[in-house]
Amino acid sequence: MLTQFEEKMGKTLASLERDYQGIRAGRANPHILDKIKVDYYGTPTPLQQVGNITVPEARMLVIQPWDSSLLKKIEKAIQNSDVGINPSNDGKVIRLVFPELTEERRKDLVKDVKKKGEQAKVAVRNIRRDANDALKKKNKANEISEDELKDNEEKVQKMTDKFIKEIDKAIDAKSKEILTI
């Protein structure tokens, strides 16, 4: 019965880690382009599906579309996104050069990382509350005994503690990555 709540907590952690992949730490990371969609013959298509994305240098991404007529559309999609980097188009490929992060920008990114981590912790705690409510309902309906209720509540708390610890690890790892020059 508790597995569904554990799965939800796992999904919360996975979602946080995906969000963290999109936060750039001064190095070129193709995952920051994951949310960008390009108008491909009238259909919004993920950027990864219309071209090849490579990292030739530590602070540069190169996007080579499979269809050269998409260069302008890809460039426009990047400019309209929240990536915050101006693409340069040489007629064959699009280059994204990542500037060095200032100390102030790094601190802002760390604050953002911590905020997203806190939101994930709140989500895990809400799942714990839902699990405990479900257990109490089962107890009221005489489906489980008082002892089973207490045992399961302890299991839910241990599960919650485990995921909170994992979230803290993810926050610390991403913060260190951002603050490392």
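Rolling a 1.4 Å probe across all protein chains gives K155 an accessible area of roughly 120 Å².
Under 1.5 on a/c is rounded, so check that first for segment 72-131, then, if it is not, pick prolate when a/b is larger than b/c and oblate when it is not; a ≥ b ≥ c are the square roots of the alpha carbon gyration tensor eigenvalues. Oblate, because a/c is 1.5 or more while a/b does not exceed b/c. Diffusion coefficient (Stokes-Einstein, Kirkwood radius over C-alpha pairs, 10 °C, 1.306 mPa s) for segment 1-59: 114 µm²/s, rounded to a whole number. Projecting the Cα positions of I144, V113, V124 onto the charge dipole of segment 72-152 (unit charges on Cβ atoms of Lys, Arg, Asp and Glu, taken about the Cα centre) puts V113 furthest along the positive direction.
The gain in end-to-end length when the D133 to A173 segment is fully stretched comes to 11.1 nm, 0.36 nm per residue minus the alpha carbon separation. Using the Cβ-Cβ distance between Y41 and D112 with R0 set to 41 Å, the FRET efficiency from 1/(1 + (r/R0)^6) comes to roughly 0.70. Legend: calculated FRET efficiency, E104 to Q4, from the Cβ-Cβ distance at R0 = 35 Å, rounded to 0.05, equals 0.20. Modelled spin labels at S68 and R18, positioned 7 Å past Cα toward Cβ, are 3.6 nm from each other. With a 1.4 Å probe rolled over the protein heavy atoms of all chains, the accessible area of E75, E146, E103 falls in the order E103, E146, E75, largest first.
The values are calculated or read from the model by the stated rules, or taken from the named source; none is laboratory data. The shown structure was predicted, so the numbers you read here are calculated from the model rather than taken from an experiment. Reconstructed Cβ throughout: ideal geometry from the backbone, glycine too, with neighbour counts over all protein chains shown. Heads up: the accessible areas ignore ligands, DNA and RNA and are worked out on the full protein's heavy atoms, side chains in. Shrake-Rupley method; radii C 1.70, N 1.55, O 1.52, S 1.80 Å.
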